[in-house]
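Shown next, in C-alpha cells, is the structure this report addresses.
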Amino acid sequence: MRLFARVFAPAGAPLGQVNLTTITATTVNVAYTSAVPAPATATDNTTVLNGQLQIVKLQALDADCDGIADGSVYAGANITAGAIPGACIRYEITVTNTGTTAVTNVTVDDATPVNSTYSARSPPRPSVGSITAPAPGSTGTVSASIATLGPGASAVITFGIR
C-alpha cells in the first residue's frame, strides 16, 4: 500500500524547523490462523527550507483573439474544442513563493509553442515586475522578471499566442 504524507510549512515558519511524521499500520488478522504480523512503521522527516517557488500554468481559449479569455476560465486541462488554426490561447502563469524568506531576481520564461506565434492583441502583463515578449506574429520567449517575491507572495503573468 502506498501512502503519502503531506507537510505544509506556512510563511513565517522558522528555518530549520523539523516536522517528524510517523505512520503505523497494524492488522488484527480477523479470521486468519497465522500469527499477527508486527506493526509496519514509516517515518517522514521534513525540514523547513527557504526560497521555494511553486509555478502553476493555466490556459484558456480566446477564439476571436480579442485578448480576453473566453468566459474568463483558465484551466490546467487541455483545450479540446475551439483551439483551431487562427484562434488564440491565453496563458496565465502564477509563481508563488512558498518559502519562508523573500526570493530575489526571479525570472519566469515560457516559449511560444510549436506552430504558434505570439499574439499581442492584449499585451502581456505581470502583476509585479516587468515582461519582455517577441514581436507580434513571431516566435520566441516571453520572459517575466520579478525583483523580489516575499514569503507567501504571488505574481501572475498573462499572455497570448495564435
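The values are calculated or read from the model by the stated rules, or taken from the named source; none is laboratory data. The structure displayed is predicted, hence computed values, not measured ones. Methodologically, a virtual Cβ is constructed for each residue, glycine included, from the backbone with ideal geometry; neighbour enumeration extends over all protein chains shown. Heavy atoms of the whole protein, side chains included, go into the accessibility calculation; ligands, DNA and RNA do not. Shrake-Rupley method; radii C 1.70, N 1.55, O 1.52, S 1.80 Å.
Results, tabulated for the structure shown:
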{"item": "Cut-off under 5 Å, modelled amide H: who pairs with Thr148 long-range", "result": "Asn105"}
{"item": "Most mobile listed residue (Val18, Val48, Val114) in the chain, GNM with C-alpha springs under 10 Å", "result": "Val114"}
{"item": "Residue among Ala87, Ala102, Ala35 with the largest mean-square fluctuation in a Gaussian network model of the chain, springs linking Cα atoms under 10 Å", "result": "Ala35"}
{"item": "For the stretch 59-149, the fraction of alpha-carbon pairs in successive 10 Å shells from zero, as %", "result": "15, 44, 30, 10, 1"}
{"item": "Portion, in percent, of the accessible area of the stretch 67-162 that falls on carbon or sulfur, probe 1.4 Å", "result": "54"}
{"item": "Per residue, in Å², the accessible surface of the chain once ligands and nucleic acids are set aside, probe 1.4 Å", "result": "62"}
{"item": "Neighbour cut-off at most 10 other Cβ (10 Å), DSSP loop, chymotrypsin sites (Phe, Trp or Tyr not before Pro), the stretch 22-110", "result": "Tyr32"}
{"item": "Potential extension, Thr101-Thr22 segment - 0.36 nm per residue separation minus Cα distance", "result": "25.6 nm"}
{"item": "FRET efficiency, Ala13 to Ser145 (Cβ-Cβ, R0 30 Å, nearest 0.05)", "result": "0.60"}
{"item": "Tail fraction, Cα-Cα pairs, the chain, threshold 26 Å, whole percent", "result": "49"}
{"item": "Contact order relative to length of the chain, as percent, for alpha carbon pairs under 8 angstrom and 6 or more apart", "result": "23"}
{"item": "Whole-Å distance, taken between Cα centres, linking the stretch 111-162 and the stretch 8-45", "result": "44"}
